[in-house]
Amino acid sequence: MDTAQSEKVRTGLGFFAALDQSGGSTPKALAEYGIPKDAYSTEDEMFDLVHAMRTRVLTNPAFDGKRVLAAILFEQTMDRTVEGVPTAEYLWSAKNVVPILKVDKGLAAEQDGVQLMKPIDTLDELLERANKNHVFGTKMRSVINDASEAGIEAIVYQQFDYAARIRAAGLVPILEPEVSISSLHKEYAETLLRDAITRHLEGLPAEARIMLKLTIPTEVGLYGELAADPRVLRVVALSGGYSRDEACELLKRDSSLIASFSRALLQGLTAEQSDEEFGATLESSIEEIYRASVDKQPA
């Protein structure tokens, strides 16, 4: 674990940028950026276009370590370069932003009200490549659709099981058991999730370090005790389908959370914008998310 990066993640003022759209979510991200499906005909062309979009974000002056603590990358983004430099190295050396890698392979079919992660068959090889690229940590997502105690326990068990392998490889895992904002029993599901995470966290050794990425809870401060645990470097919040304004309004009420937004971060950016328009839009987005992460206004 890089000490400087660990300290920045643990104590820094700012938020995490999630730039980790995978093959399944990339067409939607490109469409929102103003590039329709008929603009590309192969997967390689699609990934070239989304890397160009990400590069435009990463190289913009508004995007730097003064407000962005870390950036979560898709595997292909890690394997590519920005301004001729490997992406993870560019983030840390040029921007002072901690690089993190998405490692999950998508979601399994729903069972017991949840969607577990598909098996991460290439995890060991992926972690080896992450270490070679000087990546600090990883992220993996599963989804909770209902307040099923058995389903939530299965989600948390799987997350902690993979996290143990990731920690053994010297990286810090972000566990992301997302509670759907459209769940009919969202608040109860979040209570079950907090309790399950607490039980598994108590089983970790004192020197273990993890991070959590969670839906902004209905009950303000629900995850405060988790955030205060010395084994938890940071608890970050996903936007979860809320607009940026909605997500920021909810986030600023909870002093235990900072943002880790994806779609909400990129909202309003389009391919046809001039560099000046693009930069102004990104600056506004970053500033709004930063303020919601730093300037708390408890209800």
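Key figures
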{"item": "Residues located in region 231-280, provided they are among the hydroxyl-bearing types (Ser, Thr, Tyr) and under 29 Å from PHE136 (Cβ atoms)", "result": "SER239, TYR242, SER255, SER256, SER260, SER262"}
{"item": "Candidate set: region 3-31, residues that are touching a Gly at 6+ places or on another chain (Cβ under 9 Å) and farther than 17 Å from ALA71 by Cβ; chosen: the one least open to solvent (accessible area, probe 1.4 Å)", "result": "GLY23"}
{"item": "ALA292 being in contact (Cβ under 8 Å) with a residue 40 or more places away in the chain and crowded, with 22+ Cβ neighbours inside 10 Å", "result": "yes"}
{"item": "Residue in region 183-204 that is out of contact with any Phe, Trp or Tyr (no Cβ under 7 Å at 6 or more places or on another chain), β-branched (Val, Ile, Thr) and open to solvent by less than 30 Å² (accessible area, probe 1.4 Å) present", "result": "yes"}
{"item": "Sole residue being within 18 Å of the chain's Cα centre (by Cα), aliphatic (A, V, I, L, M) and surrounded by fewer than 20 Cβ atoms within 10 Å (Cβ to Cβ), chosen from LEU107, LEU127, LEU69", "result": "LEU107"}
{"item": "Residues satisfying the stated conditions in region 159-182, i.e. over 24 Å from ALA259 (Cα atoms) and either touching a Leu at 6+ places or on another chain (Cβ under 7 Å) or surrounded by 20 or more Cβ atoms within 10 Å (Cβ to Cβ) (or both)", "result": "ARG165, ALA169"}
{"item": "From the options ARG56, ARG10, residue that is basic (Lys, Arg), modelled with pLDDT of 95 or more and in contact with a Lys or Arg (Cβ under 8 Å, 6 or more places away or on another chain)", "result": "ARG10"}
{"item": "Checklist (1) open to solvent by 60 Å² or more (accessible area, probe 1.4 Å); (2) touching a strand residue (DSSP E or B) at 6+ places or on another chain (Cβ under 9 Å) applied to PRO119, failing item", "result": "(2)"}
{"item": "Residue within region 204-217 that is within 17 Å of the chain's Cα centre (by Cα), of a type outside the set (Asp, Glu) and farther than 23 Å from LEU116 by Cα present", "result": "no"}
{"item": "Single unsatisfied condition, SER256 versus (1) of a type in the set (Gly, Ala, Ser); (2) over 18 Å from the mean Cα position of the chain (by Cα); (3) open to solvent by less than 30 Å² (accessible area, probe 1.4 Å)", "result": "(2)"}
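The values are calculated or read from the model by the stated rules, or taken from the named source; none is laboratory data. Computed from a prediction, not measured in an experiment: that's the story for all the values here. FYI the Cβ positions are ideal-geometry reconstructions off the backbone, even for glycines, and counts take in every protein chain you see. Side chains included, ligands, DNA and RNA excluded: accessible areas come from the protein's heavy atoms. Shrake-Rupley method; radii C 1.70, N 1.55, O 1.52, S 1.80 Å.
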